[in-house]
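Visitor: Okay, handing you the structure first.
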Amino acid sequence: MSNNVVKKWMLQRITAVILLPLLIWFLSIFVGLVQKDYQVVIAFFKNDINFVLSVILLTLVFLHMKIGMGEIFEDYIQNSKYKSVANFIISVFATVLPLATVVSLILIKFN
Amino acid sequence: MNELQKNRPLSPHLQVYKWQLSSLLSITHRLTSIINTAGITLICFWIISLYLGENCYKYFSMLTSSFIGKFILIGFTWSFSYHLLNGVRHLVWDMGYGYEIRTANLSGILVLVSSFLLTIGLWILA
């Protein structure tokens, strides 16, 4: 139990450190990219480096989010049953959404 | 578990603490984490819409090019900027530095000001 908590604590920090440069990179491009035409955005994600970095970013962001949300539930949800339900919903969300997005990225890249 | 244990109070009681810079920035870190979740969700939908084709993507472009869309995007940019910078502050604390009240207040103000500067910088560069 305590070991698991320590692991989560470490993982939250490790993902944070890796996400720091990744997010600055992504945000600096996204803000401009989101205003561009379809073909320009497609070309961006077809690029090898952009593709790989985007997949890493998505994976780590949702891992970081899941742990963080778990911490919030720990602080604010008193009933342990509700807490488990909340954690389960976040787990499903943090798996399905990045998975669908990464699959989309793969299909865009190799289309 | 008896009734007393079941009803034990939980930790951050926002209503009972005296508001000060440190607590305000701390709760903002959590609020921005929730806003960022909404933000990254939108980014995911944006990428999925990209896969679904040009017609689907056009709806997103209509949103992002509108005044309200821009306003929302700038809001998300600030939220990410704040969480990122205050996250650095947390990492420094984790290494054992910056706990003195003066230092913590100063780093807090620095984070707050920098979050706006980073937002402006990102949009000027775009």
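Visitor: Calculate one ³J(HN,Hα) per residue across the range A:66-80 by plugging θ = phi - 60° into the Karplus curve 6.51 cos²θ - 1.76 cosθ + 1.60, and present them in order as whole Hz with x for glycine and proline.
Guide: 3J(HN,Hα) across the range A:66-80, in whole Hz: 4, 5, x, 5, x, 5, 5, 4, 4, 7, 10, 9, 7, 6, 5.
Visitor: Could I ask something else about it? Based on the Cβ-Cβ distance from A:Met10 to B:Leu52, what FRET efficiency comes out when R0 is 35 Å, to the nearest 0.05?
Guide: 0.40
Visitor: Divide, for the protein assembly as shown, the radius of gyration over alpha carbons by 2.2 N^0.38 Å, where N is the residue count.
Guide: 1.11
Visitor: Run the helix sum for chain B: -39,500 (n - 2.57) per DSSP H stretch of 4+ residues, divided by residue count, reported at 222 nm to the nearest 500 deg cm²/dmol.
Guide: Taking each H run of at least 4 residues, the total per residue is -27500 deg cm²/dmol.
Visitor: Dividing the alpha-carbon radius of gyration of chain A by 2.2 N^0.38 Å (N being the number of residues), what value is obtained?
Guide: Against the empirical 2.2 N^0.38 Å value, I get 1.27 for chain A.
Visitor: Would you work out the relative contact order for chain B, in percent, from Cα pairs under 8 angstrom that are 6 or more residues apart?
Guide: Once divided by the residue count of chain B, the mean separation gives 29 percent.
Visitor: A further question follows. Beyond a 21 Å Cα-Cα separation, which of these cross-linked pairs lie in this structure: A:Lys8/B:Lys18; A:Lys8/A:Lys66; A:Lys66/A:Lys109; A:Lys46/A:Lys66; A:Lys7/A:Lys66?
Guide: A:Lys8/B:Lys18; A:Lys66/A:Lys109; A:Lys46/A:Lys66
Visitor: Apply the Karplus parameterisation 6.51 cos²θ - 1.76 cosθ + 1.60, with θ equal to phi minus 60°, to every residue of the range B:89-95 and state each ³J(HN,Hα) to the nearest whole Hz, in sequence, with x for glycine and proline.
Guide: After applying 6.51 cos²θ - 1.76 cosθ + 1.60, I find 4, 5, 5, 5, 4, 4, 7 Hz.
Visitor: Ok, one more. If one computes the Cα centroid of the range A:57-111 and of the range A:15-53, what distance in Å separates the two points?
Guide: Answer, in whole Å: 20.
Visitor: Apply the Karplus parameterisation 6.51 cos²θ - 1.76 cosθ + 1.60, with θ equal to phi minus 60°, to every residue of the range A:17-24 and state each ³J(HN,Hα) to the nearest whole Hz, in sequence, with x for glycine and proline.
Guide: Computed from phi, the couplings for the range A:17-24 are 5, 6, 5, 3, x, 4, 6, 5 Hz.
Visitor: Once you place label points 7 Å from the Cα toward the Cβ at A:Ala43 and B:Tyr97, how far apart are they in nm?
Guide: Each label point is offset 7 Å from its Cα along the Cβ direction, giving 4.3 nm.
Visitor: Quick one: what Rg and Dmax do you get for the range B:5-126 from the alpha carbons, in Å?
Guide: 18.4, 56
Visitor: Expressed as a whole number of Å, what is the distance separating the alpha-carbon centroids of the range B:10-67 and the range B:74-117?
Guide: Going from one Cα centre to the other spans 18 Å.
Bear in mind that the values in this text are calculations on the coordinates, not laboratory data. As the structure is a prediction and not an experimental result, all values here were calculated from the model. When we count neighbours, we look across all protein chains shown, and the Cβ atoms used for this are built from the backbone with ideal geometry, even at glycine.
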